[in-house]
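Participant: Dropping a structure here in C-alpha cells format, bear with me for questions.
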Amino acid sequence: MNDLLLIPIAVLYLIVVSLLFTYGVNFFYLTILGLRKVKEKRQPQTGDWPHVTVQLPIYNERYVAERLVKAAAAFDYPPDKIEIQVLDDSTDDTIQIVSRLVRQLSAAGKDVVHIHRRDRTGYKAGALANGMVHSKGEFLVIFDADFIPGRDFLRRTIPAFQDSEVAFVQTRWGHVNREYSFLTLLQSIAIDAHFMIEQAARYFGGYWFNFNGTAGVWRKTAIEQAGGWKADTLTEDLDLSYRAFLNGWRAVYMRDVEVPAELPVAFSAYRRQQNRWARGSLECAYNLIPQVWRQPISLAHKIEASLHLTGYGVHLLLFALSLLYPLIISLVQEYAGLLSLFGLAAFFNLTAFAPTLFFLAAQKQLGPHWWRKIPTILFITVLGTGMMLNTTRAAIQAFGNGNRQFERTPKFGIQEKGETWLQKQYQLKLDPIVFFELFFAVFNFRTMVNGFEAGNWVVAIYAGIFGAGLLFAAGISVAQELGRWRASVSRPAVN
C-alpha cells in the first residue's frame, strides 16, 4: 500500500472509532439514567377540564382508520369539551369509510368532523396545521392511524398542562402485534428501549427529548409560538419539539401511560419507515444543531442534544468502518508496528455493544422474564448493522436536495398470529437497495475471512456481524417479496 495513504487511513479510522465510542458511552449513560427509580408525580386536575381537539391524520388507511376513530370517540372526557378532527388526505375508499363513521358518530351526539384535503400539501405537517386553524381546543391530541388509545388517555395526560410552561406531553408506545413474527418482536424490543430508557433518561436528566409524532398532546399556543408545523423536514415532530425547547418551553414524558400500536409486518414498510426517520433526523440535525449551540444552556445539554439529533449517524459510521476494515487489515500486515495502535482502537469498538445493555435494561423494566429475550436482543445488533445502507441512502437524500416526499408506512390491521397481509392493498415493491445489501454482505464476509487469516479477530468478528445484518435485511426482503408474489398468483387480492 502506498505510504501516502497510511496516515489519512489511520486518522480516518481513529476518528470513526472514536465517534462510535462516544455514542456507545452515551448509551451507557442514558441506560444508567433510565434505570433510576424516579417516582413520576401526577397532579390531579383542579378546576374545569379544558377544551381539547383530537387530531387523527390519516392517508389511505382502509384497514385501521375505523378502529382509530372509534377509539377516539370512546374517550372518557366531558363530551362538551372534546372535538375530534379526522384529517383525511386519502385518495382511496378510506374517504367513504371515514365519512360513513363520522356521520354515525355525529348522529350519536359526538363532536366529530371529517376534514378531507384534495392535495397533500405539507403532508402530515400540512394536515395538522390545516386542522389547527379550524380547531376549538386549547390542547391538540394527536394519534397516527395505527394507534389505539385507551379511554382514560386524556384524563391521565391533560392535568400535566396545569404547569403553564409545558408545551407537550409524550406517552409510551405499546404493541398490539409484538408476537406476530420475529420481525415485529425485534422492532418491539428496539422501540421499548427508546421509550423505557432513552426518552425517560432524557426527561429525568433534564435534557431535551422529542415528541414522537403520535400518542401525545400539544398546547396550541406553544405550537404557534414555536413557528407552527413545518414540512421542510420529514420528521416534523422532532423539528417542532426542538423549536419549542429553543423558545423556552418544557415538556413532560409519561412512561407509565402506554398507547398500543401496530408494528410494520412487512420489512419493506419497516425499511421505508426507518429511511424517513433517518432522513428527517439528519435534516433536523443540520437545521437545529447550530441553534442549539447558540442557546444559553449547559455544555452537557448541548452535547446531549447533538448526540440525540445525530443518532442515526451511528449507521453511517458503521458503514464507513466496513469500508475501512480491508484497508486496516492490509496496513497491519504491511506495518506490524501499527498493530498495537489499531488494537487500542478496536477496544473502543467494544462500546458498540452498549445498545445490547440498553435493550436489556428496557426489558428488565417491563417485566420479570426479560432474560428470555436475550437471544433476540443479541440479534438486534445484527439487524441494526443491516440498516446501514438504508441510512446511508437517507443521508444522501437529506443532503442531496432531492425530492422531499413523505412516504407513509403501510398498515394492514394485523394483530394476531396467523393473520395474513400478503394479499392486502398497499403492498410495496421490492426495494432495489437489496442488491447493494447483498453485494456488501459478500464484501464484509470476505473481509471477515481475510481478518481471520491475518489473525485480526476483532475486525473479523465485526465484519461478520455487518455481513450477517446486511444478508438478513436483503434476505427477508426477498423472501417476503416471493411470498407476496405467490399469494397474488394463487388468490385474488383481499379488500
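Participant: Return the lysines within reach of Lys81: Cα separation strictly under 19 angstrom, same-chain partners fewer than 8 residues apart disregarded; answer none if there are no such residues.
Facilitator: Lys70, Lys110, Lys136, Lys220
Participant: So between His369 and Ser181, what do we pick up on full extension, going 0.36 nm a residue minus the alpha carbon distance?
Facilitator: Between His369 and Ser181, full extension yields 65.8 nm more.
Participant: Same structure, new question: Under 13 Å from the Cβ of Ala73, count the other residues' Cβ atoms, weight Lys and Arg +1, Asp and Glu -1, and hand me the total.
Facilitator: +1
Participant: Same structure again: Rounded to the nearest 500, what is the 222 nm mean residue ellipticity of the chain from helices alone, with -39500 (n - 2.57) per DSSP H run of 4+ residues and division by all residues?
Facilitator: Mean residue ellipticity at 222 nm (helix-derived): -17500 deg cm²/dmol.
Participant: Right, here's the next one. In the chain, which whole DSSP H runs stretch at least 24 Å along their own axis (Cα) and average 1.0 or higher on the Kyte-Doolittle scale?
Facilitator: Those that clear 24 Å and a mean of 1.0 are 6-34, 313-334, 433-453, 457-490.
Participant: From the C-alpha gyration tensor of the stretch 128-230, pull out the three semi-axes of the equivalent ellipsoid (sqrt of 5λ each), sorted largest to smallest, in whole Å.
Facilitator: Listed largest to smallest, the semi-axes of the stretch 128-230 are 26, 17, 13 Å.
Participant: Let me know the Rg and Dmax you get for the stretch 159-215 when you use only its Cα atoms, in Å.
Facilitator: Gyration radius and largest Cα-Cα distance of the stretch 159-215: 13.8, 44 Å.
Participant: Same structure again: Please sort 203-215, 92-104 by packing, taking for each peptide the average over its residues of neighbouring beta carbons within 10 angstrom, highest first.
Facilitator: 203-215, 92-104
Participant: When Rg is the radius of gyration of the Cα atoms in the stretch 245-325 and Rh is its Kirkwood radius, what does Rg/Rh come to?
Facilitator: Taking Rg over the Kirkwood Rh, I get 1.06.
Participant: Which lysines have a Cα less than 16 Å from the Cα of Lys424, not counting those fewer than 8 places away in the same chain?
Facilitator: Leaving aside lysines fewer than 8 places away in the same chain, those within reach of Lys424 are Lys411.
Participant: If you don't mind, there's one more thing I want to ask. Can you give the extra length, in nm with one decimal, that the chain gains between Val11 and Arg156 once fully stretched, where that is 0.36 nm per residue apart less the Cα-Cα distance?
Facilitator: Here the segment from Val11 to Arg156 would lengthen by 47.0 nm.
Participant: For the peptides 61-67, 24-30, what is the packing order when you average, over each peptide's residues, the other Cβ atoms within 10 Å and list the highest mean first?
Facilitator: Ranking the peptides 61-67, 24-30 by packing returns 61-67, 24-30.
Participant: Evaluate the Debye formula for the stretch 10-79 with equal point scatterers sitting on the alpha carbons, no solvent, and hand back log10 of I(q)/I(0) at q = 0.19 Å⁻¹, in q order, two decimals.
Facilitator: -0.87
Participant: Could you state the orientation-averaged shadow area of the convex hull built on the Cα atoms of the stretch 62-172, in nm² to one decimal?
Facilitator: That works out to 7.4 nm², a quarter of the Cα hull's surface.
Participant: How big is the stretch 51-93 along each principal axis, measuring the range of its Cα positions in Å and listing the largest first?
Facilitator: Here the Cα extents, ordered largest to smallest, are 33, 16, 10 Å.
Participant: Please compute, over every Cα-Cα pair in the stretch 131-170, the percentage with a separation greater than 12 angstrom.
Facilitator: Result for the distance tail: 67 percent.
Participant: Still on this structure: What label, among (1) 25.0, 91; (2) 23.7, 81; (3) 23.6, 76, belongs to Rg and Dmax of the Cα atoms in Å computed from the structure on display?
Facilitator: Label (2) holds the value from this structure.
Participant: Given bins 5 angstrom wide, list per bin the percent of all Cα-Cα distances in the stretch 421-466, short to long.
Facilitator: For the stretch 421-466, the binned pair fractions read 6, 22, 17, 13, 9, 9, 8, 7, 5, 3, 0 percent.
Participant: Using alpha carbons only, what's the Rg to Rh ratio of the stretch 211-283 with Rh from Kirkwood?
Facilitator: Here Rg/Rh amounts to 1.01.
Participant: To check you understand DSSP bridge types, tell me what percent of the beta bridges within the chain (both residues inside) are antiparallel, rounded to 5.
Facilitator: 25 percent
Participant: List the residues of the stretch 443-486 whose backbone N lies under 20 Å from a point placed 7 Å from the Cα of Thr356 along the Cα-to-Cβ direction.
Facilitator: 445, 448-449, 452, 456-473, by backbone N distance to the label point.
Rule-based calculations on the coordinates, nothing more; no lab input. Predicted model only: the values in this text are computed from it and were never measured. Positions of Cβ are backbone-derived with ideal geometry, glycine not excepted, and every protein chain shown enters the neighbour counts.
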